[in-house]
Amino acid sequence: MTIEEYIEDIDPEKKAAFIQLMQVIDANIPEGFEKEIQYGMPSYVVPKSRYPDGYHCDTSLSLPFIAIAAQKSNIAVHHLGIYADSELLSWFQAEYPNYMTTKLNMGKGCIRFTNPKKTPYELIGELASKITVDQWISQYESSFKPKKLK
């Protein structure tokens, strides 16, 4: 599946919001991340050419960073950076009320927007801009990557 095919299959009520969300991330994500389909979703990854080790869960995959999904009940932003970095998570949680009147709906690293007309694009753009490829690799290696046995 391609990103274009993914977008074609999105519910018409969510499609415009999803496209705008992806455009905001495209405009703000630091240089070096690439966009591809991973785990069935449009994803922003560190390419294997930059980080050959890939993702520890499946080393054939590029290192994931952000994925976005149009699901039945919401549009979700899966951001591994806020899952791995408690300071970034705290920043996001503190900023959210400055952009939204609705309660934050999120899991460990998944931010869900149940009303496509109420998506804080500016905040998501700022969130996408906060971690460079090098910072993400360093954070990933210290937070997720299994330590090699000696």
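Let me know the charge dipole size of the stretch 74-150 about its Cα centre in debye, to the nearest 20, where only the beta-carbon of Lys, Arg (+1) and Asp, Glu (-1) is charged.
With only Lys, Arg, Asp and Glu charged at Cβ, the dipole is about 420 debye.
What ranking of H78, H56 emerges when the number of other C-beta atoms within 10 Å of each C-beta is taken as an exposure proxy, fewest first?
H56, H78
Would you order S142, S129 from fewest to most other beta-carbon atoms within 10 Å of each residue's own beta-carbon?
S142, S129
Would you look at the GNM of the chain, springs on alpha carbons closer than 10 Å, and say which of G81, G54, G107 moves the most?
Evaluated over the chain, the most mobile residue of the options is G107.
Once you wrap a convex hull around the alpha carbon atoms of the stretch 67-137, what is its projected area averaged over all directions, in nm²?
Its average projected convex-hull area is 4.6 nm².
For Q38, which sequence-distant residues (separation of 5 or more, or a different chain) have an amide H within less than 5 Å of its own amide H, given hydrogens modelled in the peptide plane?
S43
Dipole size in debye (nearest 20) for the chain around its Cα centre, Lys and Arg Cβ +1, Asp and Glu Cβ -1?
Roughly 560 debye for the chain.
Kindly write out, for the stretch 106-111 in residue order, the coupling ³J(HN,Hα) from the Karplus curve 6.51 cos²θ - 1.76 cosθ + 1.60 (θ = phi - 60°), rounded to whole Hz, with x marking Gly and Pro.
Result, rounded to whole Hz: 8, x, 4, x, 10, 9.
Scattering from the C-alpha atoms of the chain alone, worked out with Debye: what is log10 I(q)/I(0) at q = 0.12, 0.15, 0.17, 0.20 1/Å?
-0.49, -0.77, -0.98, -1.33
Across the stretch 1-45, what fraction of all alpha-carbon pairs, as a whole percent, falls in each successive 5 Å bin from zero upward?
Histogram of Cα-Cα distances, whole percents per bin: 5, 22, 29, 27, 14, 4, 1.
Between the alpha-carbon centers of the stretch 1-40 and the stretch 47-100, tell me the distance in whole angstrom.
Between the Cα centres of the stretch 1-40 and the stretch 47-100 lies a distance of 14 Å.
Return the ratio Rg/(2.2 N^0.38 Å) for the stretch 35-113, where Rg is computed over Cα atoms only.
1.21
Looking at the chain, how many pairs of lysines come closer than 15 Å at the Cα, when each pair is eight or more places apart or spans two chains?
For the chain, qualifying lysine pairs total 9.
Taken together, the values in this text are just the output of simple stated rules run on the coordinates, not laboratory data. The structure presented is a predicted model; accordingly, all values stated were derived computationally and were not measured. Every residue, glycine among them, receives a Cβ derived from its backbone with ideal geometry; neighbour counts consider all protein chains shown.
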